[in-house]
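A short worksheet on the structure shown next.
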Amino acid sequence: MNRKELPHSKLLKKAANKSSLLSIICLLILLFFVTVASAQEQYKKLSRDAISQIVDGEYDAAIKHFENYLIQHPKDLESMYGLAVAYSQKNDITTAMAYVEKAVNEGLQFSRFIAGPRDLLKPLTDSAEFKALAQKHNVELLHGPMLGCVTDTSAKFWVRTANEVTVQVLIGTPRAAKSPISSAIVTTAKEKDFTAVLPVRGLKPDTRYPYKLVVDGRIQPRQWAFRTFPASGAPSKFWIGFGGGAGFTPQYERMWDTITSHNLHAFLLLGDNVYIDNPTRQAVQQYCYYRRQSRLEFRDFAASTAIFSIWDDHDFTTNDAGGGPEILRPYWKLPVWRTFVNNWVNPYYAGGENQPGCWYDFSIGDVDFFMLDGRYYRTTSKVTNPSMLGDVQKMWLLKKLKSSKATFKVIASPVPWSYGAKPGSKDPWQGYKAEREQIFSFLESNKIDGVILISADRHRSDIWKIERPEGYNLYEFESSKLTNIHTHKIMPGSLFSYNKKCSFGRLQFDTTVPDPQVTYKIISIDNEVIYTFSLKKSQLTSSNVK
């Protein structure tokens, strides 16, 4: 938090010195609202940190936290869930079951208790009482489907199940077509946290398809729909969304409904997607993913919108930190990466097990997207020649940019490119100026046109112009307040900045016109168009440089 709070005693003493009962009352009211605001602001952290206490064996401390929070918020579902976990670890199954039933009666999905973290809930889920309740609910599909890796002719679908069972995707239904397109039958794997990824091929470009899931031999009652991308390499019109800063906040989870209503071809999650801040405790990481993946708003969004994700500090390690240049050190890096891989459905993940990371590229029509990993190989900015990307990723990026024939090339960074976005901080690109300059100079020396920068991290939506004396000016679109309560102030120097409500960025591409263009819109959680800004390809060409 940026807010500084005085201790209660200092506030009261200050009021008493003024000898004013009214001052005391006003300060107490102020203290109340500050406390409430602080609790709301930190909601994404509260239950997460208590789950961490449970992992460390501090059961009573976690119980105290959850019970105290329930006194103030009697219907808080995460507190009920947390108490079931804590009492499970204490082998108090009667009390744990009481909180399971209370949470489910208040609206929490029963699947949350099956999903886990399974090790923490094992004493509960192994009990006869829980097994009897599980038979009544009969839940097998826990999370998903999540759509990703969409192209003009294919798509992939991610799911998580309760047990190792067979899963399949049917495009269309048996009644709608004699021979519906289907994926292979795949079995979810325990070693991949009971997930599976189902590829479907043979689709038509820019076409909307209904689909269903078959789980353990049973067709699920729900039907979803998705849209393939425009023809690869061809001029086209399409629209995507992007953003970061998606801390778990129940009253703002409706943002996913807002985004879904735009029928986007894709959505780019640019980091701080679930806020884990705990690289050494896998159960805490799982908990943070599960509570978001279980939300109905997110499930509807993920089932119909192709998701492409990268991480930032809060999903990889801790605030403003990096992993360093080595692949396997510190020891927690590879397990964190594997957990990330188990929870998304990206085209690929850097170089896989031999060169882990979350960078990759993909294309929509004649627009190329380059998704960057700013954390796995990041060195501290204090060393000589600091690097945010690491040599392998940087060479990959430069090679991809040089070979790209796309009309527009979008480079997605988890942190801002513009120096004014976070003055004085070495965490964004201003802490890695030489590496940033190497990338920008490479664009100029190789006459790579049509580059657009997007980023996240700052809890607001911005537009920045980066003036380049030796090349065309670069424009950066930044958005990172999807569901966060915490807000970062507007910075001078931006072309436009917005921070009043949660928001996301919407990019509409039209490369069919003589001068192709992209339009950036800032959309609020209430579906208001806050600001619109357009760029033409002619503004992003080296031929215009004097």
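The values are calculated or read from the model by the stated rules, or taken from the named source; none is laboratory data. In this text the structure is predicted, and so the values were computed from the model without any measurement. Neighbour counts run over all protein chains shown; Cβ positions are idealised from the backbone, glycine included. Note: areas computed on protein heavy atoms with side chains; ligands, DNA, RNA excluded. Shrake-Rupley method; radii C 1.70, N 1.55, O 1.52, S 1.80 Å.
Annotations for the structure displayed:
- Taking a ≥ b ≥ c as the square roots of the eigenvalues of the Cα gyration tensor, an a/c ratio of 1.5 or more together with a/b no larger than b/c marks the chain as oblate.
- Rolling a 1.4 Å probe over the heavy atoms of the protein chains gives segment 238-281 an accessible area of 21 Å² per residue.
- Chain lengthening between residue 447 and residue 542 when straightened (0.36 nm per residue, less Cα-Cα): 33.6 nm
- Ranked order, 94, 260, 512 - accessible area, probe 1.4 Å, largest first: 94, 512, 260
- Accessible-area composition of the chain, carbon plus sulfur, in percent [1.4 Å probe]: 52 percent
- Selected from 52, 280, 70, residue furthest toward positive end of dipole (the chain; charges at beta carbon): 70
- Restricting attention to segment 313-427, the count of lysine pairs at 8 or more positions apart or across chains with alpha carbons under 24 Å apart stands at 13.
- Based on protein heavy atoms only, segment 157-227 ends up with 54 Å² per residue of surface accessible to a 1.4 Å probe.
- At most 15 other Cβ within 10 Å, DSSP loop - trypsin sites (Lys or Arg not before Pro), segment 387-448: 405, 426, 447
- For residue 462, net neighbour charge (Lys/Arg +1, Asp/Glu -1) across residues whose Cβ lies under 12 Å away: +3
- Electrostatic bookkeeping for residue 350 treats Lys and Arg as +1 and Asp and Glu as -1; over the other residues with beta carbon under 15 Å from its beta carbon, the sum is +2.
- Rolling a 1.4 angstrom probe over the protein heavy atoms with all chains in place gives segment 391-488 an accessible area of 33 Å² per residue.
- Total formal charge among the other residues, if their Cβ is under 11 angstrom from that of residue 75, Lys/Arg +1 and Asp/Glu -1: -2
- Note on segment 111-241: lysine pairs with Cα distance below 20 Å, sequence gap of 8 or more or different chains, count 13.
- Taking every protein chain into account, the 1.4 Å probe leaves residue 318 with about 60 Å² of accessible area, to the nearest ten.
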